[in-house]
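Take a look at the structure set out below.
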Ligand SMILES: Cc1ncc(C[n+]2csc(CCOP(=O)(O)OP(=O)(O)O)c2C)c(N)n1
Ligand code: SF4
Ligand SMILES: [Mg+2]
């Protein structure tokens, strides 16, 4: 495993000068993932904050080959590139010349970066199809729990109680009224070689997982809780800390599923109350005003407890 | 040795794909193009091609993966129909805008609702503004020949555009004809090796593709794209000629059948042209100066050439096998009349909507169109520029009867 110093000296695949917000978790995640390997990487993104903020023509922040086609197809897009790479390699193995711009000795890597909207909702079909077919790629979900690019609309990754512009808190409704879906478990249920959850606030966890995933010749998936100061309405400076709080409250446990083996990567010494994670975030502020809000927070805590115990059981931690 | 074999349209398409041996095929089944995908999958299973066949979970993913595979740097093919093409719609524009020469066979089929699996051209007509080249075949041989030419046209350096090679669902896709199958090597030579331009797999020269492109540059990019369609038209002509020199069957933008001395003529796309040729023959035997213009290239639309070919006629019927709801006429008619007007050619024209959802058009009906045209020619203009042919008009009582079960 690479040390921090080594990682810092590796190539910068995503350069500065992009227009993501101050404190945005997305470029932090992208950089950590891409510094986890020395192999050539081709990246694909779907429509979303990362895409619109890093590639405003005629500029680009990408120092590696990168493509965007549309919103709901990051997985199909990366699959097409991988399919072409494999096709050219197979032909070369049969004696046809490999194009001279492809290094015959290198192991090309294929990474998709997609938002939670592009992954949990509109892109789930494309993702499910691509992992079932077994393409070799790492799919990183930049999960900021809402459609941020279009102005903070709810997604199926949005937690209960969250205020978004399509699940607004009002005099009757307390923000989103449903729990989020467990996409990591859904993808793990495809029996793929590797699925995991991580956060940008623990670089060692994320880079280790990315490095591991990128060594696998098959579909791999990392769901990264990626703070969005604008949509979460929290201080840009606390991006790493707020993601750590999600882990310490067990709202976003760090775990991995490797060839069907579930493993907890981190158990907080003391499981913090969910309120500690909710309080710094404006998207939950309305829940701290009255009894109704307190009731929603209670249900949220119960859900976190239930999912945490379910995960511990899956990981054999009873 | 080239061989003559009985084949269905779909098999002929799959056979051409086998000979072309593309690098990636990402496809999804839908009637009536399913057999293309199935037959090709069998070629893959039997090791007859080197293609990486990706059996995607939807047409949206099919066209997404085809586009990115082409961007990676290689030859890509696919086949679909109707709802499948409709599901690709968003991506079709992107494939063309990224200038990826993906080759898509479209076996034409009506769009839903109600659901109908049979032929009309509403699917490809709906995609006519997406930036793809569109070539239509009359029969099985043309379906095979057009697909081979499509590769050479789309991949030409000054074109670099995706191509839809269209054939009529069931009428051609499931009809047996004697097909002249050319030698594998001759077909491979004709299409040549794939020449990548700016491949994404070139990691030494990293490229950002599909960026955010706002009002300061988007318009120029669209204008640049516009410039590709004149070379595309030239490429269709040149490749069609080269095909003739190589295989003995030449192609152009359209086929003129008994047109040069004709007084009344039909313009049609696809398999209807075959039936119309018979009608022309029987009318000619009676002394009627009937002719046919079978359009092959619909996109880019050869407006000037068509206006020139139709100038001097006394009346023209444009046959549309597509519904274009709310428009004043069918899409082919709208294009043809616009071409005539722009060229200052004044010919009385009538639009016939026919064959929706696979309704057959009979030789008698085509003859009746020519008879109408003679009337129009005599009077100088039609009393009804939009006509439906082959459709029944039910009375109130008949309607009531139909639902009385
Ligand atoms: C087919 C389609 N529907 C809707 C949109 C509009 N749209 C663009 S990005 C986006 C939301 C992106 O959210 P997410 O995937 O979570 O990424 P984020 O911006 O939050 O990083 C939406 C709804 C689109 N581009 N395409
Ligand atoms: S809105 Fe959120 S996700 Fe988008 S750039 Fe800003 S901080 Fe990042
Ligand atoms: Mg999001």
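Read the figures in this text as sums done on the coordinates, not as results from a lab. Computed from a prediction, not measured in an experiment: that's the story for all the values here. Neighbour counts run over all protein chains shown; Cβ positions are idealised from the backbone, glycine included.
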Taking Cα atoms, the helix B:9-20 axis meets the longest principal axis of chain B at an angle in degrees (rounded to 10) of 30
Dividing the surface of the Cα convex hull of the stretch A:144-218 by four yields a projected area in nm² of 6.4
Expected sort for B:174-181, A:64-71, A:252-259 on mean C-beta neighbours within 10 Å, highest first, is A:64-71, A:252-259, B:174-181
Rounded to whole angstrom, the alpha-carbon centroid of the stretch B:211-258 lies from that of the stretch A:251-274 at a distance of 57
Inverse of <1/r> over all distinct C-alpha pairs of the stretch B:347-405, i.e. the Kirkwood Rh in Å, gives 13.4
If the chain between residue B:327 and residue B:89 were fully extended at 0.36 nm per residue, the gain over the current Cα-Cα distance would be 83.6 nm
At 37 °C and 0.692 mPa s, the Stokes-Einstein diffusion coefficient in µm²/s for the protein assembly as shown, with hydrodynamic radius from the Kirkwood sum on alpha carbon pairs, is 117
If one builds a Gaussian network model of chain A from Cα atoms under 10 Å apart, the most fluctuating residue listed among A:17, A:218, A:80 is A:17
Per-residue average of other protein chain Cβ atoms inside 10 Å, peptide A:123-135 -> 3
Here the percent of antiparallel bridges among DSSP beta bridges lying wholly in the stretch B:254-389, to the nearest 5, is 15
For the pair residue B:230 and residue A:204, the simple spin-label estimate (label points 7 Å beyond Cα toward Cβ) gives in nm 6.5
So the angle from the long Cα axis of helix B:272-286 to the longest Cα principal axis of chain B, reported in degrees to the nearest 10, equals 30
Sorted largest first, the Cα spans of chain A on the principal axes come out in Å as 72, 49, 39
Of A:262-275, A:24-37, ordering from highest average Cβ density within 10 Å down gives A:24-37, A:262-275
Given B:221-234, B:197-210, the highest-first ranking by average Cβ count within 10 Å works out to B:197-210, B:221-234
One finds the C-alpha centres of the stretch A:186-240 and the stretch A:103-173 to be spaced, in Å, by 12
From the Cα centre of the stretch B:383-400 to that of the stretch B:99-115, the distance in Å is 29
Counting only DSSP beta bridges fully inside the protein assembly as shown, the antiparallel percentage to nearest 5 is 25
Mean shadow area (nm²) of the C-alpha convex hull around the stretch A:82-163 is 7.1
The FRET efficiency for residue B:45 and residue B:222, from their Cβ-Cβ distance with R0 = 41 Å and rounded to 0.05, is 0.45
Nearest-0.05 FRET efficiency for residue A:1 and residue A:276 at R0 = 30 Å, using Cβ-Cβ distance, is 0.50
So for R0 = 51 Å, FRET eff. of residue B:245-residue A:289 from the Cβ-Cβ r, to 0.05, ends up at 0.05
Within 10 Å of the Cβ of an average residue in B:11-23, the count of other chain Cβ atoms is 1
To the nearest 10 degrees, the tilt of helix A:239-248 (Cα long axis) against the first principal axis of the alpha carbons of chain A is 70
Shielding of B:69-79 by other chains, given as the mean Cβ count within 10 Å, works out to 5
Whole-percent tail of the Cα-Cα distance distribution for the stretch B:254-389, cut at 26 Å, equals 12
Projected onto their principal axes, the Cα atoms of chain B stretch, largest extent first, over whole-Å spans of 69, 52, 48
For the pair residue B:284 and residue A:103, the simple spin-label estimate (label points 7 Å beyond Cα toward Cβ) gives in nm 6.6
Distance in nm between residue A:10 and residue B:188 label points, each 7 Å along Cα→Cβ, equals 4.1
Place a point 7 Å from the Cα of residue A:19 in the direction of its beta carbon; the residues of the stretch A:38-57 whose amide N falls under 15 Å from it are A:48-57
